[in-house]
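Remarks on the structure that follows.
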Amino acid sequence: MTKRLPTRQRRLALAVAAGLITPMAAVTTAQAGFGWEWETGSPYYEDDAWYDVSEWFDGNDYNPTDEAIGRWDNETYDRDEALTSGDSDNDIDWTNNDHGYYADTKSSDTWFYDYYDHGYSDYGDSNNDGNYEYTSNYYDYDNDGVYDAFASYTDTDGDGVYDDATYVSFSDSDEQSDSQKTAQQKADRQNSSAKSQSFTGKITRAKKVKTPATTNIVVELQNQSEGKSMIADLGPADQLDRMPQLNDTLTVKGSPFKTGDTSVLLSRSIEHDGQQMQVERSGREYTGTIESTKTVDVRGQQRQLARIKTDEGKKMLVDLGRKQDLDANISEGSQVTINGPAVQVRDRVVLLATKVTLNGDTIEIPRMAKK
């Protein structure tokens, strides 16, 4: 069973910020492309609060940013594995490429890339009306697999148009200033529409495409009556109940994304023969045991943190969001599955949970930047 915050509570969460860690961001504003005022938040974890968290870990008991978070050997190249892995079987160096083709790819199969990185985004649509209450996009400056910046867009009045935007960098160091400007320019190009896009058509081509975390199914859809076509990413192959076939008619709904010179619809839902499925895009997934928990007071909010030992034997720090939103009994010894993106907080890697599963119940955690 999946639990979502009620609409009223989610709106409140958006207003008071439901959970972005912004330890070192400076306060600045800049004009955005759609008339927004970019505002970066002041530090989320103040020094005292972050010191309390850091005291939790002792020496090598925790993965600093020069180690791979929760790494496992899956015989493929992932950017966060690259930091410490000597695996010679790795096939893609994501630190230098975010899309491309394999050397032996046939020309007939180059209608879409063999591998690409669509990054990480989080969306809120509590009543499933096709209007996102918020969109949150994460940016990785140095392609090391952990995110360095965050931009969120909010539709505060529910009219289907984003009317507020916040950009936050996790670090304001001089050496990252150029990268931060590049990421902010990308954030500035976010479409102001809060509505999901929909496309219906027949599959004319399909292929498996490698991403940093999964192998996805990408299809070309043709709508002959409208004379239009669309490339759509249907999500991880292992999540599909059945593999799509040529000439299948699909309706996909989601958000557009541009990689290289190609526009892709990142599907959030897929409909085929009257059956609809939701596409899971909730970041990396880790299962493990909660070793200890800690409640930290951050700007008057009680925030729940957890130290988790994964099934692979790694220890991770996880931000579970506001304690009042966690109606599950999350305590020491609990077996949990956590989904979310990894971010760099000073010299630490922290997993920002967007979904927590405990005893068969799933709690979705909205993530918005606090101004």
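No value in this document is a laboratory result; all are computed from the given coordinates. The structure presented is a predicted model; accordingly, all values stated were derived computationally and were not measured. Here the Cβ positions follow ideal geometry from the backbone for every residue, glycine too, while neighbour counts run over all protein chains shown.
Full extension of the chain segment joining GLN302 with THR362 gains 19.5 nm, where the gain is 0.36 nm per residue of separation less the Cα-Cα distance. Annotation: the residues ARG322, ARG303, sorted from fewest to most other C-beta atoms within 10 Å of their own C-beta, follow the order ARG322, ARG303. For segment 197-278, the residue among SER198, PRO236, VAL209 whose Cα projects farthest onto the positive side of the dipole built from Cβ charges is VAL209. Residues of segment 303-335 with the amide nitrogen closer than 15 Å to a label point 7 Å from the Cα of THR289, along Cα-to-Cβ, please. Of the residues in segment 303-335, 307-316, 331-335 have backbone N under 15 Å from the label point off THR289.
Beyond 25 Å in Cα-Cα separation lie the following of the pairs LYS258/LYS314; LYS195/LYS228; LYS253/LYS315; LYS106/LYS258: LYS258/LYS314; LYS253/LYS315.
Among ASP297, ASP238, a tally of other beta-carbon atoms within 10 Å of each Cβ gives an order, fewest to most, of ASP238, ASP297.
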